[in-house]
Amino acid sequence: MTVPARLAADAEEADLPLGSGERFAGYGVMGLPFVSGHVLALRRFAASSVGPAYTSVWRREPDGRWVFWQNQQDEQSCPRYFSAALSQTRRVDIELSWPDDSTLRVVVPEVGLVWTATLRATAVTRALNAIGRAMPDRAWRARPLLRAMGPIAGFAMRAGKVGMAGTTPNGQAFIANPLRVWVIDDSSARIGDDDFGPTGPLAEQTRLGDFWIPQRGIFAIGRTFFRTA
């Protein structure tokens, strides 16, 4: 089956990618902007070379401040690479579920976040996924190729800039391998009574180091690699 929920379940059993440096495998929302200025992102790495499996929710507030919530220690999760750009990190419980084959639900009870995202395949994502399946592993590790692919994929998906290779705010070099992608067709999010409103591109695309947050919601299953730059 190729439905997102089934593939995400398969990703929960993913092996750690081969290679050197720090490696991760799993799935998540590369980024999702809201017209209100809020931004959300999600990382679920079932395989990690630096500690246990973990989940991390990223939130950018309308004033530009970033907060990361994760269910493991900072040194064993996303703040390890991004803390220099954050105003706060917090260890919390995070609940992930799939109400149906294409809808992801994320709940962070401690902060009151309830977020749902409905995924959709398009002609562009099907084409990109076919290209990704045909690429040899060595191509997915080639930084010059990934730097060229990012802008092409971003333009094709109408998502603005996409960074697949670069440097994190904490100085590590990264490679991102989105092996399968979908667009987020519909989403809602709130923290308590604060509804984030409709999704839509920001007036100015935001980023964390060389990792650009897409101007359109993108869900991906894949791998990420880090090393000291």
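The values are calculated or read from the model by the stated rules, or taken from the named source; none is laboratory data. Worth saying up front: this structure is predicted, and the values here are computed from it rather than measured. Please note: Cβ atoms are built from the backbone with ideal geometry, for glycine as well, and neighbour counts cover all protein chains shown. For accessibility, only protein heavy atoms count, side chains too; no ligands or nucleic acids. Shrake-Rupley method; radii C 1.70, N 1.55, O 1.52, S 1.80 Å.
Values computed for the structure shown
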item	result
All positions within region 68-94 that are in a helix (DSSP H, G or I), open to solvent by less than 50 Å² (accessible area, probe 1.4 Å) and in contact with a Pro (Cβ under 9 Å, 6 or more places away or on another chain)	Tyr81, Phe82, Ala85
Residue list for region 168-183, filter: under 30 Å from Ala130 (Cβ atoms), open to solvent by 20 Å² or more (accessible area, probe 1.4 Å) and not hydrophobic (A, V, I, L, M, F, W, C)	Pro178, Arg180
Candidates Arg44, Arg6, Arg59, Arg23, filtered to the one that is among the basic types (Lys, Arg) and over 21 Å from Phe211 (Cβ atoms)	Arg6
Helices (runs of 4 or more DSSP H) contained entirely in region 115-229, each with at least 2 residues that are under 30 Å from Asp63 (Cβ atoms) and at pLDDT below 95	143-156
Scope region 142-167; condition in contact (Cβ under 8 Å) with a residue 24 or more places away in the chain, under 18 Å from Ala130 (Cβ atoms) and either touching a Ser or Thr at 6+ places or on another chain (Cβ under 8 Å) or surrounded by fewer than 16 Cβ atoms within 10 Å (Cβ to Cβ) (or both); matching residues	Ala156, Met157
Matching residues, region 135-176, being within 23 Å of Ala121 (Cβ to Cβ) and of a type in the set (D, E, K, R)	Arg158, Lys161
Output for region 95-114, where each listed residue is farther than 22 Å from Pro4 by Cα and either among the β-branched types (Val, Ile, Thr) or part of a helix (DSSP H, G or I) (or both)	Val111
